[in-house]
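The next block holds one structure in the form of structure tokens; read it before the comments.
Laboratory data are not the source of any read-out in this text; all were calculated from the coordinates shown. What you are looking at is a predicted structure, and each value in this text was computed from that prediction instead of being measured. Quick reminder, even Gly has a Cβ in these numbers, built from the backbone with ideal geometry, and neighbours come from all protein chains shown.
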Amino acid sequence: MPGRENGTGRLQASRAAVGGKLRASKASRANDTFSFFSRLIFAVTLFVATVSGSESYAQSGPFAGMAGVWAGGGTVTLDDGSSERIRCRATYAVGAGGAGLNMSLLCASDSYRFDLTGNLISDRGVLSGTWGESSRGINGTLQGRGANGNFQLAANAGGFNANLSLTTRGNRQSVNITAQSGFRGASIALSRR
């Protein structure tokens with residue numbers, strides 16, 4: 001009966017529409033799958049390009065080339081004038097488009113140890129930030145100038161003053177600290193690990 005078949009067809013279409021499901025052909029489903037994967041590949045490609053671009057941008061600032069772990073040694077000159085060999089490890093994290101630096105410098109000898117941390121920001125070669133030395137509970141400010149791997153800083157904290165010079169060339173770095181009290185200074189040579 002044609003009327004009955006037509007009514008059954010309408011009933012199935014109505015049920016499919018109410019259930020939110022429309023019948024799709026295999027070609028249509030394949031098209032949808034291809035479209036989904038195309039959008040996914042495009043999104044992944046865009047994400048990778050964005051991350052790569054931001055990493056290369058981060059390498060264009062004054063702290064470019066410093067990120068990573070460095071290790072080496074040198075000497076520390078104590079308040080009484082005696083010197084000791086020290087071993088050091090530095091960790092640098094570069095951010096803010098290459099204009100920000102978080103640093104940690106841990107050095108130890110047979111009888112002496114210091115653990116410096118600092119945060120620096122560069123604004124057209126003018127450096128400012130904070131520093132701390134955890135084993136002695138000292139915190140203070142950093143100010144200075146620098147670019148192209150050469151940085152000159154003054155560290156101040158209520159009664160303690162020190163000058164810090166940091167020079168980076170490729171995978172080699174030298175750190176020189178001169179203080180007015182606590183210890184006289186340190187001369188350290190580091191290489192990237």
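Look through Ala162, Ala155 and report the one residue that is surrounded by 15 or more Cβ atoms within 10 Å (Cβ to Cβ), over 24 Å from the mean Cα position of the chain (by Cα) and of a type outside the set (Lys, Arg).
Working: Ala155 fails: over 24 Å from the mean Cα position of the chain (by Cα).
Of the residues listed, the single one that is surrounded by 15 or more Cβ atoms within 10 Å (Cβ to Cβ), over 24 Å from the mean Cα position of the chain (by Cα) and of a type outside the set (Lys, Arg) is Ala162.
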Next item on the list: Filter the range 76-103 for residues that are farther than 14 Å from Phe151 by Cβ and outside any strand (DSSP E or B) and give the result.
Entry: Asp79, Asp80, Gly81, Ser82, Ala96, Gly97
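When you check Arg184 against the structure, is it of a type in the set (D, E, K, R), buried (at least 16 other Cβ atoms within 10 Å of the Cβ) and in contact (Cβ under 8 Å) with a residue 60 or more places away in the chain, yes or no?
Spelling it out, Arg184 is indeed of a type in the set (D, E, K, R), buried (at least 16 other Cβ atoms within 10 Å of the Cβ) and in contact (Cβ under 8 Å) with a residue 60 or more places away in the chain.
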Checklist line | Subset of the range 89-118 (residues that are in contact with a helix residue (DSSP H, G or I) (Cβ under 7 Å, 6 or more places away or on another chain) and either buried (at least 17 other Cβ atoms within 10 Å of the Cβ) or among the polar types (S, T, N, Q) (or both)) | finding: Val94, Gly98
Check: From Ile138, Ile86, Ile121, which residue is within 14 Å of Ala186 (Cβ to Cβ) and surrounded by 15 or more Cβ atoms within 10 Å (Cβ to Cβ)?
Finding: Ile86
Checklist line | Residue within the range 111-132 that is over 21 Å from Asn163 (Cβ atoms) and in contact (Cβ under 8 Å) with a residue 12 or more places away in the chain present | finding: yes
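Give Leu106, Leu116 a once-over and let me know the one that is in a strand (DSSP E or B), over 20 Å from Ser181 (Cβ atoms) and not basic (Lys, Arg). First the steps, then the outcome.
Values: Leu116 fails: over 20 Å from Ser181 (Cβ atoms).
Sole residue among the options that is in a strand (DSSP E or B), over 20 Å from Ser181 (Cβ atoms) and not basic (Lys, Arg): Leu106.
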